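Encoded as C-alpha cells, the structure appears first; notes follow it.
The values are calculated or read from the model by the stated rules, or taken from the named source; none is laboratory data. Quantities reported herein were computed from a predicted structural model and do not represent experimental measurements. In this analysis, Cβ positions are derived from the backbone assuming ideal geometry, glycine residues included, and neighbour counts consider all displayed protein chains.
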Amino acid sequence: MKAGTLYLVDGHALAYRTYFALTAAGGGDASRWITRQGEPTAGTYGFTSVLFKIIEQDRPDYLAVSFDTGRTFRDDLFPAYKGTRAKMPDDLGLQIGRIREVVQAFNLPILEAEGYEADDVLGTLAEKAGRLGLKTIILTGDRDLLQLADENTTIRLAGNKLSEAQDFGPREVLEKFGVGPEQFVDYKAIVGDKSDNIPGVAGVGEKTAVSLLQQHGSLDGIYQNLDAVPARFQKKLAEGRENAYLSQRLSRIVTDLDFDFDLQAAAVGEYDRRKVADLFRTLEFRSLLARLPQAGEAGEAQLSMFGQEDAARREKGGEGEKPVEMASGVGTVAPPGARTRAIVVNDENSLKEMIEALQQARTIAFDVETTSTNQMSCDLVGIALAVNEGEGYYLPVGHTGEGSETQLPLENVIEALRGPLTDPAIPKVGHNLKYDYIVLARSGLRASPLAYDTMLAEWLCEPASHNLGLKNLAFHRLGAEMSDITGLIGKGKKQITMSQVAVPLAAAYAAADVDMTLRLIPPLTSELQEKNCEPLLLELEIPLIPVLAQMEMNGIRLDTGHLSRMSVELEDQLKQIEQGIYAMVGGTFNLNSPVHLSPALF
C-alpha cells in the first residue's frame with residue numbers, strides 16, 4: 001500500500017469557476033484580463049493561481065488534471081444532455097489551450113478518455129488511488145462528483161467565490177443533502193439537474209426525494225414499494241419511471257475505465273522554471289512569476305519546496321537575493337531578473353566616489369525609501385540613485401536594523417547631493433516623481449530639473465493601464481522580475497517598516513528600482529513618440545510636478561473655529577428635523593435603519 005495524497009483537478013470546471021469569479025469582480029468586464037498582445041487571460045490566471053495555492057498550501061504528493069474531450073456516451077443516451085447549458089464564452093474557449101500548456105509546463109499529467117467526461121476519468125482515478133492506499137481530493141465545481149465521496153476520497157466543491165470552496169466527505173454530503181454519497185445518483189435520478197438538462201421525475205422535488213430515499217434506501221427500493229409511496233406521488237413516479245432510470249444512468253460516474261495510470265508521472269516534483277517563466281511573461285503573470293522558487297544551476301526547481309524554502313527566502317527579504325558584501329562602504333547584489341549591482345554608500349570615501357560619478361552623469365534617476373506611503377508624514381530611510389543601467393547607489397540614512405551601525409548623517413548626505421541633484425545640466429528622472437520630490441524637499445533638497453516620470457509616461461501610453469506600479473511596469477515592458485516590497489517588510493500584523501529592514505536587503509531592493517527606471521525610459525519614449533504623446537509628458541505633466549508638490553506641501557488653510565460652530569448648528573438642525581419626523585409618524589424609531597424606515601414611508 002502506498003501512502004500519500006493525490007489531488008485531481010476537473011480542468012473545465014475550475015476554468016469556468018475562476019473565469020467567472022474574476023470577471024464578476026470587475027462587473028462582468030473581462031478587459032482587465034487581456035495582455036498587450038490582445039490575449040484574454042482571466043480563466044488561465046484563475047486556474048493557475050488555484051493550482052499554485054494547492055501546491056503551496058496543501059503540498060500534495062501527486063497531482064493530475066482532466067478535461068472533457070467532447071461528445072460522450074451520455075450524448076448518445078440522451079441527445080438533449082447538457083442542451084440547456086449556455087455556450088462557453090468565446091474568450092474562455094480560447095484559453096483552454098493555454099491552461100493545458102500551463103499544466104504541461106509544470107510537468108503534470110493531463111488524463112482524458114475519448115467518449116467519457118472528465119468526471120469519469122476522475123472517478124476511475126479515485127478508485128485506483130483508493131486501492132493503492134492513497135487519499136484523494138478532487139477539485140471541481142460539479143456536484144455530480146459528490147457520489148464519489150468515501151473514506152479515501154474528498155470532494156472539494158468550488159463556491160461562487162474562489163475563497164468559498166468546501167470539502168465534502170460522506171458526513172458532509174449527508175448533512176448538506178440528507179442522503180449519503182451512495183444515494184446521490186438516485187437523488188439526482190429523481191430531482192434531475194437543470195444545469196445538465198437531466199430530466200428527473202416531473203413534479204417530485206428535493207424534499208420528497210430525500211424522504212423517499214431515507215425510507216426506501218434506493219431508486220429500486222422506491223419502485224419496488226411504489227404502493228407505500230404517498231398517493232399524490234405514486235402516479236408521478238409511475239409515469240416518470242423511464243426518465244428516472246435514464247437520469248440515473250446519465251448521473252452515474254464511471255469508475256472502471258480501462259486505461260493505465262502512471263502514478264509516478266503525477267508526482268509533484270521537478271519542472272523547467274525557464275519554460276514556466278517564459279510562459280508567464282507571455283501571459284503577463286508577474287505576481288505568479290514572483291511566486292516561482294528560484295531555479296538551480298540546471299534550471300530546475302522543486303514545486304514541492306514552495307511551502308517552506310520559498311517562504312523562508314521571503315522572510316529573509318527577497319526571492320533568491322544574495323547578501324550584499326559590506327566592504328569599505330561598497331557592496332554588490334543581483335536581484336532576480338534585474339542583474340543590478342547595488343553600491344552601498346555609508347562612509348565619506350564611498351560618498352565622495354558617488355558624487356564624482358553623479359557630477360559626470362548625463363541623467364540621474366532617484367528614489368527614496370521611507371517609513372510609510374504618506375509623503376507628508378513619513379521618515380526618510382534611504383536614498384537610491386542611478387546614472388547607468390545595471391547598477392545603483394544606496395545611501396542609508398534612517399535604518400535601525402542590520403548594517404545601520406555605519407550610516408552617514410542625513411544633513412551630510414543632503415548637502416553632498418545638493419550640487420548634482422540641482423545641476424541644471426543634468427536631467428532628473430524617477431517613477432512617481434512627485435512622491436520622491438516631496439520627501440526630499442521636506443529634508444531641504446528640491447531636485448531639479450525634473451525631466452521624466454516613467455509612471456506618467458506609462459499612463460500617457462495606456463490611460464487604462466494596470467501596470468502603473470514600477471514592479472508591474474518593469475515586468476510588463478522589460479520582462480524583468482522584481483521583488484515585491486512585502487518580501488522585505490511583510491504584511492498584516494507582522495509588517496515592519498523599511499527602517500527595520502537590513503541595509504543590504506534594502507540596498508538591493510532600492511538599487512533595482514532606480515535601475516529599472518532608467519531601463520524603462522527608451523521603450524516608453526518610443527511608444528510616446530509613436531502616439532504623439534511625448535509633448536504632453538515633457539511640456540505639461542513634468543512641469544506640473546513641482547507645482548502640485550508645492551500645493552500639497554502648502555496644504556489648505558481651514559477656519560477650524562467656523563467649522564466647529566457649523567457642526568453645532570447642523571447638529572441642532574438635525575435634531576429638529578428628527579423631532580418633526582417623529583411627530584408626523586406618531587412615535588420614535590431608528591432613522592438609520594431601512595427596516596424601521598420602510599414602514600414609516602410606505
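Any residue at all in the range 273-285 that's of a type outside the set (A, V, I, L, M) and free of Cβ contacts under 8 Å to residues at least 12 places away in the same chain? Within the range 273-285 (the criterion being of a type outside the set (A, V, I, L, M) and free of Cβ contacts under 8 Å to residues at least 12 places away in the same chain), the answer is yes, since at least one residue qualifies. Quick check: anything in the range 525-536 touching a residue at least 12 places away in the same chain (Cβ under 8 Å), under 20 Å from PRO463 (Cβ atoms) and of a type in the set (Val, Ile, Thr)? There is at least one residue in the range 525-536 that is touching a residue at least 12 places away in the same chain (Cβ under 8 Å), under 20 Å from PRO463 (Cβ atoms) and of a type in the set (Val, Ile, Thr). Within the range 580-602, the set of residues being assigned to a helix (DSSP H, G or I) and surrounded by 11 or more Cβ atoms within 10 Å (Cβ to Cβ) comprises ILE581, TYR582, VAL585, HIS596, LEU597, ALA600. Of everything in the range 445-459 that's among the small types (Gly, Ala, Ser) and in a loop (DSSP other than H, G, I, E, B), which residue is farthest from the chain's Cα centre (by Cα)? Among residues in the range 445-459 that are among the small types (Gly, Ala, Ser) and in a loop (DSSP other than H, G, I, E, B), the one farthest from the chain's Cα centre (by Cα) is SER448. Can you pull out the residues in the range 516-569 that are at pLDDT 95 or above, outside any helix (DSSP H, G or I) and of a type in the set (A, V, I, L, M, F, W, C)? Across the range 516-569, the qualifying residue is only CYS533.
Filtered by the rule that a residue be at pLDDT 85 or above and hydrophobic (A, V, I, L, M, F, W, C), the range 19-34 gives PHE20, ALA21, LEU22, TRP33, ILE34.
Going by what's in this entry, would THR560 be described as within 30 Å of VAL439 (Cα to Cα) and exposed (fewer than 10 other Cβ atoms within 10 Å of the Cβ)? Against the criterion (within 30 Å of VAL439 (Cα to Cα) and exposed (fewer than 10 other Cβ atoms within 10 Å of the Cβ)), THR560 qualifies.
Applying the set (1) more than 18 Å from GLU534 (Cα to Cα); (2) among the acidic types (Asp, Glu); (3) at pLDDT 95 or above to ASP453 leaves exactly one unmet item: (1). Taking the range 460-473 as the range and being in a helix (DSSP H, G or I) and touching a residue at least 60 places away in the same chain (Cβ under 8 Å) as the test, the residues that pass are LEU460, CYS461, LYS471, ASN472.
Only one of the listed residues (ALA386, ALA361, ALA365, ALA425) is of a type in the set (Gly, Ala, Ser), free of Cβ contacts under 8 Å to residues at least 12 places away in the same chain and closer than 18 Å to LEU518 by Cα. That residue is ALA425. Contact map, the range 31-43: residues that are in contact (Cβ under 8 Å) with a residue 60 or more places away in the chain and more than 17 Å from MET88 (Cα to Cα) paired with residues that are among the small types (Gly, Ala, Ser) and part of a helix (DSSP H, G or I), Cβ distance under 8 Å, separation 6+ or inter-chain. Pairs shown: ARG32/ALA42.
Among the conditions (1) hydroxyl-bearing (Ser, Thr, Tyr); (2) free of Cβ contacts under 8 Å to residues at least 60 places away in the same chain; (3) touching a helix residue (DSSP H, G or I) at 6+ places or on another chain (Cβ under 9 Å), the only one that THR255 does not satisfy is (2). When you look at VAL429, is it within 19 Å of LEU450 (Cα to Cα), of a type outside the set (S, T, N, Q) and buried (at least 16 other Cβ atoms within 10 Å of the Cβ), yes or no? The answer is yes for VAL429. Taking PRO170, is it surrounded by fewer than 17 Cβ atoms within 10 Å (Cβ to Cβ) and under 27 Å from GLY130 (Cα atoms)? Considered against the rule, which asks whether it is surrounded by fewer than 17 Cβ atoms within 10 Å (Cβ to Cβ) and under 27 Å from GLY130 (Cα atoms), PRO170 comes out as yes. Scanning the range 199-214 for residues being surrounded by fewer than 22 Cβ atoms within 10 Å (Cβ to Cβ) and part of a helix (DSSP H, G or I) gives a total of 6.
Taking the options ARG85, ARG32, ARG71, name whichever one is in the same structural domain as LEU146 (by TED's automatic domain parsing), under 28 Å from ASP258 (Cβ atoms) and surrounded by fewer than 16 Cβ atoms within 10 Å (Cβ to Cβ). Matching residue, one of ARG85, ARG32, ARG71: ARG71.
Scanning the range 215-244 for residues that are acidic (Asp, Glu) and surrounded by 12 or more Cβ atoms within 10 Å (Cβ to Cβ) gives ASP220, GLU239. The set of residues in the range 245-271 that are of a type in the set (D, E, K, R) and either farther than 25 Å from VAL121 by Cα or surrounded by fewer than 17 Cβ atoms within 10 Å (Cβ to Cβ) (or both) comprises ARG249, ASP256, ASP258, ASP260, ASP262, GLU270.
When THR153 is tested against (1) within 20 Å of TYR81 (Cα to Cα); (2) buried (at least 23 other Cβ atoms within 10 Å of the Cβ), only condition (1) is not met. Residues in the range 501-519 that are out of contact with any helix residue (DSSP H, G or I) (no Cβ under 8 Å at 6 or more places or on another chain) and closer than 17 Å to THR486 by Cα: ALA502, VAL503, PRO504, ALA507, ALA508, ALA510, ALA511, ALA512.
Only one entry of LEU14, LEU92, LEU22 meets the criterion of being surrounded by 17 or more Cβ atoms within 10 Å (Cβ to Cβ) and closer than 24 Å to ASP262 by Cα, and that entry is LEU14. Scanning the range 147-178 for residues that are closer than 22 Å to THR44 by Cα and either among the aromatic types (Phe, Trp, Tyr) or in contact (Cβ under 8 Å) with a residue 24 or more places away in the chain (or both) yields ALA158, ASN160, LYS161, LEU162, ALA165. Of all residues in the range 489-509, those that are without any contact (Cβ under 8 Å) to a residue 12 or more places away in the chain have Cβ atoms under 6 Å from Cβ atoms of residues that are assigned to a helix (DSSP H, G or I) and surrounded by 17 or more Cβ atoms within 10 Å (Cβ to Cβ), 6 or more apart or on another chain, in GLN495/ILE489; ILE496/ILE489.
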